[in-house]
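Since the structure comes first, as C-alpha coordinates, the remarks are kept for the end.
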Amino acid sequence: GTGWVLAAVCASPGGVRWLPAPARLLLFRRALGPSGGWWLRERVEGVVPVHTERRVTGAVVRGPEVRLDVAGPGGERESLAVDHVLAATGYRLDLDALPFLSPTVRRAVACVPGSNAPALRGTFESSVPGLYFTGSLAAPMFGPMMRFVAGTEFAAVRIARHAAAG
(Lines give C-alpha, C1' and ligand atoms only; values in the text may rest on other atoms or scores of the structure.)
Protein backbone atom coordinates (compact mmCIF):
# COMPACT_ATOMS: atom_id res chain seq x y z
CA GLY A 1 0.00 0.00 0.00
CA THR A 2 0.94 3.65 -0.16
CA GLY A 3 0.74 6.69 2.06
CA TRP A 4 2.30 7.93 5.29
CA VAL A 5 -0.58 6.80 7.51
CA LEU A 6 -0.40 3.26 6.19
CA ALA A 7 3.39 3.25 6.55
CA ALA A 8 3.08 4.33 10.20
CA VAL A 9 0.36 1.78 10.94
CA CYS A 10 2.39 -1.04 9.40
CA ALA A 11 5.62 0.02 11.11
CA SER A 12 4.12 0.12 14.60
CA PRO A 13 1.40 -2.48 15.20
CA GLY A 14 1.98 -2.09 18.95
CA GLY A 15 0.87 1.54 18.68
CA VAL A 16 -2.27 0.63 16.74
CA ARG A 17 -3.44 -1.33 19.80
CA TRP A 18 -3.81 1.92 21.76
CA LEU A 19 -6.19 3.52 19.25
CA PRO A 20 -9.90 3.49 20.11
CA ALA A 21 -11.75 0.37 18.90
CA PRO A 22 -13.74 2.23 16.19
CA ALA A 23 -10.50 3.61 14.70
CA ARG A 24 -8.84 0.18 14.74
CA LEU A 25 -11.86 -1.42 13.04
CA LEU A 26 -11.86 1.30 10.39
CA LEU A 27 -8.18 0.57 9.69
CA PHE A 28 -8.93 -3.15 9.52
CA ARG A 29 -11.79 -2.68 7.05
CA ARG A 30 -10.15 -0.08 4.80
CA ALA A 31 -6.37 -0.48 4.89
CA LEU A 32 -4.69 -2.95 2.59
CA GLY A 33 -7.92 -4.36 1.24
CA PRO A 34 -8.20 -6.93 -1.51
CA SER A 35 -6.58 -6.00 -4.78
CA GLY A 36 -4.91 -7.65 -7.72
CA GLY A 37 -1.57 -6.71 -9.16
CA TRP A 38 -1.64 -3.67 -11.43
CA TRP A 39 -0.30 -5.83 -14.25
CA LEU A 40 -3.43 -8.06 -14.15
CA ARG A 41 -5.91 -5.35 -15.12
CA GLU A 42 -5.30 -5.54 -18.89
CA ARG A 43 -5.54 -9.34 -18.75
CA VAL A 44 -8.99 -9.24 -17.10
CA GLU A 45 -10.96 -6.10 -17.96
CA GLY A 46 -12.81 -6.58 -21.23
CA VAL A 47 -11.41 -10.11 -21.57
CA VAL A 48 -13.06 -12.04 -18.73
CA PRO A 49 -16.67 -11.44 -17.69
CA VAL A 50 -16.70 -10.31 -14.04
CA HIS A 51 -19.83 -10.48 -11.89
CA THR A 52 -19.42 -8.68 -8.57
CA GLU A 53 -21.78 -8.42 -5.62
CA ARG A 54 -23.50 -11.68 -6.46
CA ARG A 55 -24.58 -14.52 -4.20
CA VAL A 56 -24.54 -18.06 -5.55
CA THR A 57 -27.95 -19.61 -4.85
CA GLY A 58 -27.40 -22.88 -6.71
CA ALA A 59 -24.87 -24.79 -8.78
CA VAL A 60 -25.13 -27.83 -11.06
CA VAL A 61 -22.14 -29.55 -12.67
CA ARG A 62 -22.74 -31.14 -16.10
CA GLY A 63 -19.54 -32.53 -17.51
CA PRO A 64 -17.08 -29.68 -18.05
CA GLU A 65 -19.80 -27.03 -17.58
CA VAL A 66 -21.10 -25.52 -14.37
CA ARG A 67 -24.46 -23.78 -14.28
CA LEU A 68 -24.64 -21.16 -11.54
CA ASP A 69 -27.80 -19.52 -10.27
CA VAL A 70 -26.88 -16.16 -8.78
CA ALA A 71 -28.73 -13.32 -7.09
CA GLY A 72 -27.66 -9.68 -7.28
CA PRO A 73 -27.79 -7.04 -4.53
CA GLY A 74 -31.27 -5.92 -5.64
CA GLY A 75 -32.64 -9.47 -5.67
CA GLU A 76 -32.34 -9.88 -9.45
CA ARG A 77 -31.59 -13.47 -10.48
CA GLU A 78 -29.39 -14.77 -13.25
CA SER A 79 -28.31 -18.17 -14.56
CA LEU A 80 -24.75 -18.48 -15.89
CA ALA A 81 -23.11 -21.31 -17.81
CA VAL A 82 -19.41 -21.31 -16.98
CA ASP A 83 -16.36 -23.52 -17.31
CA HIS A 84 -14.41 -21.95 -14.42
CA VAL A 85 -15.56 -20.47 -11.11
CA LEU A 86 -13.57 -18.14 -8.88
CA ALA A 87 -15.54 -17.28 -5.75
CA ALA A 88 -14.00 -14.37 -3.84
CA THR A 89 -16.13 -14.84 -0.76
CA GLY A 90 -14.36 -12.49 1.62
CA TYR A 91 -13.64 -13.26 5.22
CA ARG A 92 -15.55 -12.24 8.31
CA LEU A 93 -13.72 -12.40 11.63
CA ASP A 94 -15.87 -14.56 13.83
CA LEU A 95 -14.78 -16.55 16.86
CA ASP A 96 -17.91 -18.67 16.44
CA ALA A 97 -16.41 -19.96 13.16
CA LEU A 98 -13.66 -21.75 15.12
CA PRO A 99 -15.22 -25.14 15.89
CA PHE A 100 -12.05 -26.40 17.59
CA LEU A 101 -12.76 -23.99 20.49
CA SER A 102 -15.55 -25.16 22.74
CA PRO A 103 -18.62 -22.91 23.04
CA THR A 104 -17.63 -22.27 26.69
CA VAL A 105 -14.18 -21.03 25.67
CA ARG A 106 -15.58 -18.91 22.81
CA ARG A 107 -18.04 -17.23 25.20
CA ALA A 108 -15.20 -16.50 27.65
CA VAL A 109 -13.15 -14.59 25.07
CA ALA A 110 -13.75 -10.84 25.29
CA CYS A 111 -14.25 -9.27 21.85
CA VAL A 112 -13.30 -5.96 20.26
CA PRO A 113 -16.36 -3.72 20.52
CA GLY A 114 -18.24 -3.79 17.22
CA SER A 115 -16.83 -7.13 16.07
CA ASN A 116 -16.59 -10.80 16.95
CA ALA A 117 -12.79 -10.70 16.93
CA PRO A 118 -10.88 -11.26 20.18
CA ALA A 119 -9.72 -8.30 22.28
CA LEU A 120 -6.03 -8.97 22.87
CA ARG A 121 -3.35 -7.81 25.29
CA GLY A 122 -0.01 -6.56 23.95
CA THR A 123 1.20 -10.16 24.14
CA PHE A 124 -1.60 -11.37 21.82
CA GLU A 125 -3.18 -13.19 24.76
CA SER A 126 -6.97 -13.12 24.95
CA SER A 127 -9.09 -12.76 28.07
CA VAL A 128 -8.71 -16.54 28.46
CA PRO A 129 -5.26 -17.04 30.06
CA GLY A 130 -2.92 -18.97 27.76
CA LEU A 131 -5.11 -18.54 24.67
CA TYR A 132 -3.39 -16.44 22.00
CA PHE A 133 -4.60 -15.27 18.60
CA THR A 134 -2.59 -13.97 15.66
CA GLY A 135 -3.08 -13.52 11.92
CA SER A 136 -6.33 -11.99 10.71
CA LEU A 137 -7.99 -12.38 14.10
CA ALA A 138 -5.33 -10.06 15.59
CA ALA A 139 -5.70 -7.38 12.89
CA PRO A 140 -8.54 -5.46 14.62
CA MET A 141 -6.19 -4.98 17.59
CA PHE A 142 -2.78 -4.57 15.94
CA GLY A 143 -3.55 -3.34 12.44
CA PRO A 144 -3.53 -4.66 8.90
CA MET A 145 0.02 -6.06 8.99
CA MET A 146 -1.23 -8.98 11.07
CA ARG A 147 -3.04 -10.32 7.98
CA PHE A 148 0.28 -10.88 6.21
CA VAL A 149 3.49 -12.85 6.67
CA ALA A 150 5.18 -9.50 7.35
CA GLY A 151 3.32 -9.32 10.69
CA THR A 152 4.41 -12.73 11.95
CA GLU A 153 7.72 -11.61 13.46
CA PHE A 154 6.01 -8.92 15.54
CA ALA A 155 3.46 -11.45 16.84
CA ALA A 156 5.82 -14.41 17.29
CA VAL A 157 8.32 -12.47 19.40
CA ARG A 158 5.65 -11.21 21.79
CA ILE A 159 3.80 -14.53 22.08
CA ALA A 160 7.02 -16.54 22.61
CA ARG A 161 8.36 -14.08 25.17
CA HIS A 162 5.09 -14.11 27.14
CA ALA A 163 4.64 -17.90 26.94
CA ALA A 164 8.24 -18.50 28.06
CA ALA A 165 7.86 -16.13 31.02
CA GLY A 166 4.63 -17.79 32.16
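What to note about this one:
- Between Ala156, Ala31, Ala59, the Gaussian network model of the chain with springs among Cα atoms under 10 angstrom shows the greatest mean-square fluctuation at Ala59.
- Report summary: the helix-based calculation at 222 nm, which adds -39500 (n - 2.57) for every DSSP H run with n ≥ 4 and divides by the residues of the chain, gives -7500 deg cm²/dmol.
- Unit charges at the beta carbon, dipole of the chain: most positive-side option, Ala21, Phe100, Val128: Val128
- The angle between the Cα long axis of helix 21-30 and the main principal axis of the chain comes to about 40°, on a 0 to 90 degree scale.
- Separation between Cα centres of the range 106-166 and the range 1-30, rounded to whole Å: 15
- Per residue, the average separation of C-alpha pairs within less than 8 Å and at least 6 apart gives the chain a relative contact order of 23 percent.
- Ranking Ala71, Ala81, Trp38 by how far each Cα lies toward the positive end of the dipole of the range 1-85 (charges on Cβ) leaves Trp38 at the top.
- Heavy-atom surface of the range 1-131, accessible at 1.4 Å and reported per residue (Å²): 72
- Its Cα centre serving as origin, the range 51-166 has a Cβ charge dipole (Lys and Arg +1, Asp and Glu -1) of approximately 380 debye.
- Near Tyr132, the amide H atoms lying under 5 Å from its own belong to Ser126; only residues 5 or more places off or on other chains count, and H is placed 1.01 Å from N.
- When the solvent-accessible area of the range 72-166 is split by element, carbon and sulfur atoms take up 60 percent of it, the probe being 1.4 Å.
- Most mobile listed residue (Gly114, Gly46, Gly72) in the chain, GNM with C-alpha springs under 10 Å: Gly46
- Antiparallel bridge percentage (DSSP; both residues within the chain; nearest 5): 95
- Considering only Arg54, Arg29, Arg62, the mean-square fluctuation computed in a Gaussian network model of the chain, springs between alpha carbons under 10 angstrom, is largest for Arg62.
- Computed over the Cα atoms of the chain, pair by distinct pair, the Kirkwood hydrodynamic radius stands at 18.7 angstrom.
- The phi torsions of the range 98-115, fed into the Karplus equation with coefficients 6.51, -1.76 and 1.60 and a -60° offset, translate into couplings of 9, x, 6, 9, 5, x, 5, 5, 4, 5, 7, 7, 5, 10, 5, x, x, 8 Hz, rounded to whole numbers, with Gly and Pro shown as x.
- Residue (of Cys111, Thr152, Val56) at the positive-pole extreme of the chain, dipole from beta-carbon charges: Cys111
- Annotation: extensible slack from Asp83 through Glu153 equals 21.1 nm (criterion: 0.36 nm per residue apart, minus Cα-Cα distance).
- Interchain or long-range residues, amide H under 5 Å from Ala59's placed H: Asp69
The values are calculated or read from the model by the stated rules, or taken from the named source; none is laboratory data. These numbers come from a predicted model, not from an experiment. Positions of Cβ are backbone-derived with ideal geometry, glycine not excepted, and every protein chain shown enters the neighbour counts. Note: accessible area is taken over every heavy atom of the protein model, side chains too, but ligands, DNA and RNA are not part of it. Shrake-Rupley method; radii C 1.70, N 1.55, O 1.52, S 1.80 Å.
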